[in-house]
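Written out below as structure tokens is the structure these notes cover.
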Amino acid sequence: MSTRLATPGRLIDRNKPLNFTFNGKNMRGYAGDTLASALLANDQMLVGRSFKYHRPRGIVASGAEEPNALVNLGRDGRFEPNQRVTTTELFEGLEAQSQNHWPSLEFDVGAINKHLSRFLPAGFYYKMFMYPRAFWKHVYEPVIRHSAGLGKAPKSRDEDSYEHFYAFCDVLVVGGGVAGLQAALTAGRTGARVILFEQTDHWGGRAPVDGGMVDGAPVDNYVDETLAALKLMDNVQIRLRTMGAGVYDHGYVLGYERLSDHAPDQAGPRHRLWRVRAAQVITATGAIERPLSFAGNDIPGVMLASALRDYVVNYGVSVGDRTVVVTNNDNAYLTAITLKKAGLDVPVILDARVLPEDRGLVAQARALGIRVLMGHAVSSVMGGKRVTGVKICSQAGEGSVLEEIPCDAIAMSGGWSPVVHLWSHCGGKLRWDSATACFAPDVDNPPKGADGMGFVTPAGAAAGVFALDDVLHDAHAAAEGAATCLDFKLPRDVTSPTAERREESPMAPVWMMPQGASAKLREKSWLDYQNDVKVSDVRLAAQEGFVSVEHAKRYTTLGMATDQGKLSNINGLATLAGALDKDIPSVGTTTFRPPYHPISLASIAGEAKGHIFQPIRRTPMHDWHAANGAEFEPVGQWRRPYAYKRGLESTHDAVMREVTNTREKLGLLDASTLGKLIVKGPDAGRFLDMMYTNMMSTLKIGKCRYGLMCSENGFLIDDGVVARIDEDTWLCHTTTGGAETIHAHMEEWLQTEWWDWNVYVANVTEQYAQVAVVGPNARKALEKLGGMDVSKEALGFMEWVDGTLGGFKVRVYRISFSGELSYEIAVDAGYGQAFWDALLAVGTELGAMPYGTECLHILRAEKGFIMIGDETDGTVIPQDLGLGWAISKKKTDYLGKRAQERSHMTDPDRWKLVGLETVDKSTLPDGAYAVGEGTNANGQRNMIGRVTSTYHSPTLGRGIAMGLVLNGPERMGEILSFPGTDGKDYEAKIVNPVFYDLEGEKQNV
Amino acid sequence: MLNIHCPNCGVTAEETEFHAHGEAHLKRFGPGSTDDQFESYLFMRKNPKGVHFERWRHQNGCGKWFHVARCTMTLEVFGSYSAQTYTPPQEIIEKIQHRRPDWSAEAEAS
């Protein structure tokens, strides 16, 4: 069993006990524990089930590379699935639940899958679920959905807050082990601005666990002294619990700081995303130990040798009383020696190598009386939910059992892989180092920055340098090199510290154990613990032709779990190389992509959520609308009243009332959101002639003209009324959503094509409040305000004039988007509310009511006016909409003119705008398609038109619609069929799109 | 995320402050042009693995347009320059040739 030892743990404080629960069971740990060490101290080795076979799984590692031990953490607004117990710091009251099992962790029905494993090989999903086709939707998918997935999705809203942090530095060091500390110190001494990130809650990495002497003192002292020196440097900033998540172009690095995961009651944000621009980056990210591939290597109790050592030294926790060590390198001997010195039993060390002589740690182990078997391997592990023993064999053979040794833990080490993720994220290349059998950064091919020079330097174990002395020298040199690139100089007397060297025998690559393992053993040899990928699966993939490492990965799902193959990748591709009879470098690696370790989505969102996700734009009259029953709808970033509800009436009833009132009496519309662009200069007229399809240069001062704007592709992008203000000034109204994009569109052409034209464009949308005063009583209302002549004679249709109304300085445009007598009146934005109030006051006895955007839509649809975004969708040209009258025939050029001459644009079969009138007066469904004769190649009915706008018109007492229909204008009176998604067929007659006041008499009074 | 320099306002800032708008130095063809000319102007774009001249706008800054010479493979930026030019200025061409001796403006044009 695993238990807490009497020996002290480096990182725990036995005076601070903490209570926590696992699957509802009360447990105890200490401050400084990770959830992993605390679970082990409570003999909780079984922590989860694997993804596919639901095999019992225990803790394998002690850090971010852990593949098995994922739990649901917390509850309600603080519930979070898939949290690694090895990176979760213990706190008082922590609640954890194991995942991926049913009904319980101890007894899991899904485990039946392991007996079916013969039928669930690599690529099983692709082979099995193809046929019969209908089975996917009704049988396979529901079953898979029930059984797949690790943690539960949270149901409550996240209670915590998150933030972004911007930082700039000369040298960013990622990793706070001895390499990172030394690199930060050296870089700091050059005077460079340095930031140092460490992902865990302590400094020094694994050097203090593994021991060693630096400049004649224990490495612990070196860590303390270096840290003290860094803290005294003003130009160095250091952060614990901050992981370097990704390295991106031009020295952009994301750091992920976990501020209160370990202290949920602490005020402030939970996570902070650091967005760093670093001139140089040093990756001192260490290395990860590799598992060995032997049968039963996934049984709880089989662990990385270094992890076992970490639990003893850092947390005073032993994983088992009798630990068998199996290795292909010297490093794992440290574990055996550590365990032995802690008073625990190490019955045997199985070393796959055959060494000519005992040196260094091997000799030390033997001297401690530990049995060492050279050239030996694990044939298979005994046990189910816990290791009970190991069968040993010769590494050279096929697995014949030589001896059975009872034990309750196995420490395995297949060598070390440098953490090259951050080096690789932005294009750093790798080289295969055959001496240590690992991929290490190829320093001649670093990620390149804006100047084309390398900006990342690996240091220490991350560079493939493992001996303590080498690590310190390498880190010192890396930092000096990085600082020198930036013209910082290291003082001459500063040199690297020196560590005592250990005698070491070379490791021997071992990709399968024993090397000739039978098929039966290979089926029990796990590569990827989380996704249940075994040696046999990768070999099958190779046999079936998945020879590229990227394809084999996806076919087998190797390395695709939440740990992204930190333990499995190298073993997997070595297995693939073996099956293909190729060498490892020629097979290559899969791509390393950020983040290094999962980061919270909330940290990426940062502050941008809820009401501050986007700025909201409000008109000067917004508060009045809100206080008077307005139901708002978003139009771009604006909020516009959709309708003003009175009493208990429904939204629909409110809209109907607003339409009728405007047609019969007086409606007021807040039109402030309409885009207003001033275009001014000697060449403004010429410029507008290019922007609009119609002629704007000939517009007379004091007059207005409706204009269309197309893209160079010929498609209609915006429309609005243009007013000529003076000799060289025009005011262009755009749609609400188009103000910024049309402004940008004009600027683009002025700056990049006609830069010699003298034109200035200003967006004055927010400078004015604009009110549309609409209806038969509109003129009376303005006359009551008084101050200027608004008679037909003084201010005709499509004219504008400056003046005063009720004491307000106004500009009045006599334009109409409703077909009624209508004035749009602009006042300075600051007077918007007062002017609105004044209009309501004089309007009361004239029946004035405000109306919203839906009423506006119905009014314009009754008149057959198009709406950008309804009648247009980026594929529609003005000619499709019967707007040929607004396209100048005289102009030699305008944006879109040449495109509109292309054969597809002049095709007589383009769908054209018509009105649609339902036969039974009902309302057509929005977006419905009209079907014609016959079927297309896919057996679907041919489509001959579609609805672009559809409303119930209270004026006409029926449903009205506009649509684009094949040969529409030539088919007046024909009845089309529109199948709805509700299963009903809607019939509508093709009519003129102007449903109301065809002659325009109402607006012309 | 690239770091981009705006030659109009002098600011060097993150890519999110800017917006890329594709190939630079296009010649506009309007009415009177052939279908081939118009097609080439409207749709055909170079997609080199290497040196590329691009249009950028300082969208969340000064709002002005400019050009950037950049390597699409390494993301190296050779320089930013005025949008009011028909061809890359000599100074930019020299910068590119300094870093990419095999590259020539003549080969680029053909």
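Inspection of segment A:929-938 identifies no residue that is among the hydroxyl-bearing types (Ser, Thr, Tyr), free of Cβ contacts under 8 Å to residues at least 60 places away in the same chain, farther than 18 Å from A:Ser711 by Cβ and within 14 Å of chain B (Cβ to nearest Cβ). Taking the criterion of being without any contact (Cβ under 8 Å) to a residue 24 or more places away in the chain and either closer than 16 Å to A:Asn571 by Cβ or assigned to a helix (DSSP H, G or I) (or both), the only residue of segment A:485-519 that qualifies is A:Ala519.
Tallying residues that are part of a helix (DSSP H, G or I) and in contact with a Gly (Cβ under 8 Å, 6 or more places away or on another chain) within segment A:38-70 yields 2.
Screening the candidates A:Leu334, A:Leu373, A:Leu361, A:Leu368 for the property of being in contact with a strand residue (DSSP E or B) (Cβ under 6 Å, 6 or more places away or on another chain) and of a type outside the set (Gly, Ala, Ser) yields one hit, A:Leu373. Of all residues in segment A:744-764, those satisfying the criterion of being within 26 Å of A:Gly874 (Cβ to Cβ) and either surrounded by 22 or more Cβ atoms within 10 Å (Cβ to Cβ) or of a type in the set (A, V, I, L, M) (or both) are A:Ala744, A:Met746, A:Leu750, A:Val761. Screening segment A:979-1003 for residues that are among the hydrophobic types (A, V, I, L, M, F, W, C) and under 14 Å from A:Lys921 (Cα atoms) and picking the one that is surrounded by the fewest Cβ atoms within 10 Å (Cβ to Cβ) gives A:Val991.
Taking the residues in segment A:769-821 that are polar (S, T, N, Q) and buried (at least 20 other Cβ atoms within 10 Å of the Cβ) as candidates, determine which candidate is nearest to A:Tyr831 (Cα to Cα).
A:Gln770
Contact annotation: residue pairs with Cβ atoms under 6 Å, 6 or more positions apart or on different chains, pairing a residue in segment A:901-925 that is within 14 Å of chain B (Cβ to nearest Cβ) with a partner that is of a type in the set (Gly, Ala, Ser), are A:Met905/A:Gly714. The residue that is surrounded by the most Cβ atoms within 10 Å (Cβ to Cβ), counting only those in segment A:437-461 that are in contact (Cβ under 8 Å) with a residue 24 or more places away in the chain, away from chain B (no Cβ under 14 Å) and hydrophobic (A, V, I, L, M, F, W, C), is A:Ala459. Considering only residues that are among the hydrophobic types (A, V, I, L, M, F, W, C) and farther than 16 Å from A:Ser816 by Cα, which ones fall in segment A:850-885? A:Ile868, A:Val876, A:Ile877, A:Leu881, A:Leu883, A:Trp885, listed by residue number. Would you mind stating whether A:Thr741 is within 12 Å of chain B (Cβ to nearest Cβ), without any contact (Cβ under 8 Å) to a residue 60 or more places away in the chain and closer than 16 Å to B:Arg28 by Cβ? For A:Thr741, the condition - within 12 Å of chain B (Cβ to nearest Cβ), without any contact (Cβ under 8 Å) to a residue 60 or more places away in the chain and closer than 16 Å to B:Arg28 by Cβ - is not met. Residue check: is A:Thr872 part of a loop (DSSP other than H, G, I, E, B), at pLDDT 95 or above, over 16 Å from A:Ile717 (Cα atoms) and of a type in the set (Val, Ile, Thr)? For A:Thr872, the condition - part of a loop (DSSP other than H, G, I, E, B), at pLDDT 95 or above, over 16 Å from A:Ile717 (Cα atoms) and of a type in the set (Val, Ile, Thr) - is not met. Assess whether A:Arg646 counts as being more than 38 Å from the chain's Cα centre (by Cα), closer than 23 Å to A:Ala778 by Cβ, charged (D, E, K, R) and assigned to a loop (DSSP other than H, G, I, E, B). So A:Arg646 fits the description; yes. Annotation: of all residues in segment A:847-869 being in contact with a helix residue (DSSP H, G or I) (Cβ under 7 Å, 6 or more places away or on another chain) and in a loop (DSSP other than H, G, I, E, B), the one that is farthest from A:Leu669 (Cα to Cα) is A:Ile866. Filtering segment A:184-243 down to residues that are touching a Leu at 6+ places or on another chain (Cβ under 6 Å) and of a type in the set (S, T, N, Q), which residue is surrounded by the fewest Cβ atoms within 10 Å (Cβ to Cβ)? Here the residue is A:Thr226. The number of residues in segment A:955-1005 that are aromatic (Phe, Trp, Tyr) and in contact with a helix residue (DSSP H, G or I) (Cβ under 7 Å, 6 or more places away or on another chain) comes to 2.
For the condition at pLDDT below 95, on the phi < 0 side of the Ramachandran plot, out of contact with any Phe, Trp or Tyr (no Cβ under 9 Å at 6 or more places or on another chain) and more than 14 Å from chain B (Cβ to nearest Cβ), what is the one hit in A:Ser394, A:Ser434?
None of the other options fit; the residue is A:Ser434.
With respect to the conditions (1) exposed (fewer than 15 other Cβ atoms within 10 Å of the Cβ); (2) assigned to a loop (DSSP other than H, G, I, E, B); (3) not β-branched (Val, Ile, Thr), A:Pro598 falls short on a single one, namely (1). Considering only segment A:252-265, I want to know if a residue exists there that is within 14 Å of another protein chain (Cβ to nearest Cβ) and surrounded by fewer than 24 Cβ atoms within 10 Å (Cβ to Cβ). Yes: segment A:252-265 contains one or more residues that are within 14 Å of another protein chain (Cβ to nearest Cβ) and surrounded by fewer than 24 Cβ atoms within 10 Å (Cβ to Cβ). Selection within segment A:266-276: residues that are part of a loop (DSSP other than H, G, I, E, B) and not aliphatic (A, V, I, L, M). The member of this set that is nearest to the other protein chains (Cβ to nearest Cβ) is A:Pro269. Can you confirm whether A:Val655 is assigned to a helix (DSSP H, G or I) and of a type in the set (Val, Ile, Thr)? Answer is yes for this residue. Within segment A:869-898, being away from chain B (no Cβ under 14 Å) and among the small types (Gly, Ala, Ser) holds for A:Gly869, A:Gly874, A:Gly882, A:Gly884, A:Ala886.
Summed over segment B:71-105, residues that are without any contact (Cβ under 8 Å) to a residue 12 or more places away in the chain and more than 13 Å from the chain's Cα centre (by Cα) total 8. Checking the structure you have, find out if any residue of segment B:97-110 is within 11 Å of chain A (Cβ to nearest Cβ), on the phi < 0 side of the Ramachandran plot, touching an Asp or Glu at 6+ places or on another chain (Cβ under 9 Å) and part of a helix (DSSP H, G or I). Yes, some residue in segment B:97-110 is within 11 Å of chain A (Cβ to nearest Cβ), on the phi < 0 side of the Ramachandran plot, touching an Asp or Glu at 6+ places or on another chain (Cβ under 9 Å) and part of a helix (DSSP H, G or I).
When segment A:418-431 is limited to residues that are small (Gly, Ala, Ser) and either within 14 Å of chain B (Cβ to nearest Cβ) or farther than 18 Å from A:Arg593 by Cα (or both), the one that is farthest from the chain's Cα centre (by Cα) turns out to be A:Gly428. Could you tell me which of the residues A:Asp249, A:Asp310 is charged (D, E, K, R) and within 14 Å of chain B (Cβ to nearest Cβ)? Only one candidate passes the filter, namely A:Asp249.
Taking the listed residues A:Ala508, A:Ala475, the one that is closer than 23 Å to A:Ser306 by Cβ, surrounded by fewer than 20 Cβ atoms within 10 Å (Cβ to Cβ) and at pLDDT 95 or above is A:Ala508, with no other qualifying. For segment B:1-54, no strands (runs of 3 or more DSSP E) sit wholly inside it while including 2 or more residues that are more than 29 Å from A:His425 (Cβ to Cβ) and either away from chain A (no Cβ under 12 Å) or touching a Leu at 6+ places or on another chain (Cβ under 6 Å) (or both).
The values are calculated or read from the model by the stated rules, or taken from the named source; none is laboratory data. All values reported here derive from a predicted model rather than from experimental measurement. Note that we place each Cβ from the backbone using ideal geometry, even for glycine, and neighbour counts take in every protein chain shown.
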